[in-house]
Amino acid sequence: MEKLWSGRFQAQSEDWVNSFGASIPFDYQLAHEDIAGSIAHVTMLATCGIIANDEKEQIITGLESIDQQIAEGQFDFTLAHEDIHLNIEKALHDQIGPVAGKLHTARSRNDQVATDMHLYLKQQVGMIIEKLNNLQQVLVNKASQHVETLMPGYTHLQHAQPISFGHHLLAYYSMLSRDQARLTESLKRIDISPLGCAALAGTTFPIDRQQTADLLGFSAIYDNSLDGVSDRDFIIEFLSNSALIMMHLSRLCEELILWSSFEFQFIEMADQYATGSSIMPQKKNPDYAELIRGKTGRVYGNLFGLLTVLKGTPLTYNKDLQEDKEGMFDAVKTVSVSLDVMAGMIDSMAVNVETMEHSTEKDFSNATELADYLANHGIPFREAHEIVGKLVYSCIQQGIFLQDVSLSDYQAISPVIKADIYDVLASRTAMNRRNSYGGTGSQQVKDSIKRAQAALAK
Ligand code: ARG
């Protein structure tokens with residue numbers, strides 16, 4: 001098939017070579033953005049007197065009908081026309097004849113593809129922000145049901161201090177708030193129009209870049225044409241933000257997987273979010289949590305892939321830049337579905353409150369309480385730490401816990417210890433006394449929930 005740029009060529013590549021260079025197998029996803037960009041472009045060309053009004057009308061009518069065909073799945077994308085831009089231009093030509101050739105006046109595929117990517121990402125980032133919001137809402141709802149649910153707080157995956165399960169979930173709410181803020185902030189750099197930068201150097205035609213930017217809803221235009229066609233920072237930034245989101249989801253997945261193990265039994269995934277084994281009849285596996293954890297690797301890979309593509313490319317456009325797309329599409333898809341699956345898993349999981357609470361009672365996670373108690377009664381904290389450490393050691397020898405030590409034994413250790421120590425050592429007391437701002441005490445957790453709800457309502 002004759003190429004739209006074939007004038008200078010005598011021979012044609014074989015199909016398999018064409019297919020190596022083609023981006024249509026994936027950039028067809030930019031069809032709608034591509035057409036929107038073209039409509040804005042011809043509108044501006046007519047306003048600036050570069051093409052006639054009736055030519056503009058014919059082109060727009062043709063583009064709109066192609067947009068419709070694509071939306072209805074009636075459009076034949078062909079490898080012979082390399083990419084989405086040439087596929088649409090060729091179809092326009094077939095539909096309205098030679099006047100279609102005026103569309104590409106004062107434009108290049110270089111500013112065209114960059115425009116498409118900016119438009120696409122702006123929309124997708126908005127969608128991901130909504131999905132983040134939804135997951136945050138799910139976390140806050142779950143947290144509000146578990147303000148008073150005790151669980152062991154861990155450091156080094158060892159029982160550290162008793163905390164509220166709601167507090168634990170809200171930590172993820174906070175991470176996702178930062179993810180959301182980062183994405184929102186990045187919109188400033190996505191929401192910029194490269195259209196009119198042309199191939200690299202701008203154009204001799206008297207175009208109006210501000211008009212196309214306004215028509216497409218961009219807040220700004222690129223200042224430098226060379227930068228406009230070759231900048232892919234906004235995609236790298238998106239991939240980096242995506243990598244952070246996936247890292248957060250992956251940490252939560254790791255906890256969900258641990259918590260659903262036989263050893264923990266803190267939660268049970270809903271049947272809808274678990275899978276069975278083809279050989280072991282008893283199995284209920286947290287596959288989806290594992291998959292999100294696994295897919296995190298792909299998103300990191302996409303980030304590193306594009307950083308590497310860009311590092312050695314001289315200004316301005318190089319075909320290397322076509323490699324910006326698959327990773328971006330993949331990240332959009334992976335992040336979106338992972339956020340949805342995570343929301344479903346959290347919303348539907350059962351929490352074994354008793355098991356969780358019980359595991360804070362048969363441990364030494366109240367040792368800090370005893371040390372703080374001694375410190376409150378005038379014993380220097382370092383000394384208190386040493387006393388309690390020795391006591392923990394001796395309890396381990398006897399197979400008992402701090403709450404099992406008799407009052408007379410306590411008083412032998414230090415006369416400052418009174419009968420109120422048993423209440424102090426209770427895990428619920430330990431949790432609720434952590435009433436410092438942002439701590440796990442129920443008052444603090446309730447306040448955090450209120451702040452989160454207010455933020456989400458905005
Ligand atoms: N398919 C190309 C891409 O995705 C479009 C730009 C082509 N420009 C060019 N000068 N070959 O990057």
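No value in this document is a laboratory result; all are computed from the given coordinates. From a predicted model like this one, the values you see are computed outputs, not experimental measurements. Quick reminder, even Gly has a Cβ in these numbers, built from the backbone with ideal geometry, and neighbours come from all protein chains shown.
Counting only alpha carbon atoms, the long axis of helix 233-259 and the longest principal axis of the chain meet at about 30°. Across all directions of projection, what mean area in square nanometres is found for the Cα convex hull of segment 61-116? Convex hull of Cα atoms, orientation-averaged projection: 4.0 nm².
Relative intensity of segment 305-359 on a log10 scale, I(q)/I(0) at q = 0.19 Å⁻¹, equals -0.77, per a Debye sum over C-alpha point scatterers of equal strength in the absence of solvent. How are the C-alpha pair distances of segment 413-458 spread across 10 Å bins, as whole percents from the shortest bin up? Calculated P(r), rounded to whole percents: 25, 32, 24, 12, 6, 1.
Shape analysis of segment 163-212 based on the Cα gyration tensor places the equivalent ellipsoid semi-axes at 46, 8, 5 Å, largest first. Under a model in which nothing but the beta-carbon of Lys, Arg (+1) and Asp, Glu (-1) is charged, segment 377-458 shows a dipole of about 640 debye around its Cα centre. The C-alpha radius of gyration of the chain, expressed as a fraction of 2.2 N^0.38 Å, stands at 1.35. Listing Ile207, Ile96 from fewest to most neighbouring C-beta atoms within 10 Å gives Ile96, Ile207.
Give me the dipole magnitude in Debye, nearest 20, for segment 139-212 about the Cα centre, with unit charges on the beta carbon: positive for Lys and Arg, negative for Asp and Glu. It works out to roughly 100 debye.
Between Ile221 and Ser193, the built amide H atoms are under 5 Å apart, and every one of these is 5 or more places off in sequence or on another chain.
At a threshold of 8 angstrom on Cα-Cα distance, excluding pairs fewer than six apart, so keeping six or more, what relative contact order does the chain reach in percent?
On the way: 622 pairs, mean separation 75.2, N = 458.
With pairs under 8 Å counted, the relative contact order is 16 percent.
Rounded to the nearest 20 debye, the dipole magnitude of the chain is 1040 debye, with +1 charges on Lys and Arg beta carbons, -1 on Asp and Glu beta carbons, and the Cα centre as origin. To the nearest 10 degrees, how steep is helix 53-71 against the longest Cα principal axis of the chain, on a 0 to 90 scale? Taking the Cα atoms of the chain, the angle to 53-71 is about 50 degrees. What the pair-distance distribution of segment 135-225 shows, using all Cα-Cα distances binned every 10 Å from zero, is 15, 25, 17, 13, 13, 13, 4, 0 percent. Out of Phe26, Ile60, Met44, whose Cα points farthest toward the positive end of the dipole of segment 23-81 (charges: +1 Lys, Arg; -1 Asp, Glu; placed on Cβ)? Result: Met44. Sorted largest first, the spans of the alpha carbon positions of segment 207-246 along the three principal axes are 41, 22, 10 Å. The value obtained for segment 160-313, namely the Cα convex hull volume divided by the number of residues, is 188 Å³ per residue. Given the options Ile396, Leu425, Tyr410, identify the residue whose Cα lies farthest towards the positive end of the charge dipole of segment 378-439 (+1 on Cβ of Lys, Arg; -1 on Cβ of Asp, Glu). Farthest along the dipole direction, towards plus: Leu425.
Both radii come from the Cα set of segment 270-348: Rg as radius of gyration, Rh as Kirkwood radius; their ratio Rg/Rh reads 1.20.
Working from Cα pairs under 8 Å separated by at least six residues, relative contact order for segment 305-447 is 16 percent. When the alpha carbon gyration tensor of segment 291-391 is reduced to an equivalent ellipsoid, its three semi-axes come out at 53, 24, 9 angstrom, largest first. At q = 0.16, 0.23, 0.24, 0.32 Å⁻¹, what is the base-10 log of I(q)/I(0) for segment 262-312 according to the Debye formula with one equal point scatterer per Cα and no solvent? Please give it to two decimals. Here log10 of I(q) over I(0) equals -0.62, -0.90, -0.94, -1.14. Summed over all non-identical Cα pairs, the Kirkwood treatment of segment 114-184 gives a radius of 14.0 Å. Neighbour counts of other Cβ atoms within 10 Å put Phe20, Phe234, Phe364, Phe304 in the fewest-to-most order Phe20, Phe304, Phe364, Phe234.
With kT/(6 pi eta Rh) evaluated at 20 °C and eta = 1.002 mPa s, and Rh the Kirkwood radius from Cα pairs, segment 1-147 diffuses with a coefficient of 123 µm²/s according to Stokes-Einstein. For the pair segment 11-25 and segment 201-275, the centres of their Cα atoms are 30 angstrom apart.
Looking at segment 200-290, the pairs of alpha carbons with a distance over 20 Å make up 61% of the total.
Round to a whole angstrom and tell me the spacing of the C-alpha centers of segment 42-89 and segment 419-458. Cα centres, segment 42-89 to segment 419-458: 60 Å. Reported value for segment 64-172: 185 Å³ per residue, from the convex hull of its C-alpha atoms.
Report, in degrees rounded to the nearest 10, the 0 to 90 angle that the Cα long axis of helix 367-376 makes with the longest principal axis of the chain. That helix lies at roughly 70 degrees to the long axis. What Kirkwood hydrodynamic radius, in Å, does segment 339-457 give when the mean of 1/r is taken over all pairs of distinct Cα atoms and then inverted? Hydrodynamic radius (Kirkwood, Cα only) of segment 339-457 equals 16.7 Å.
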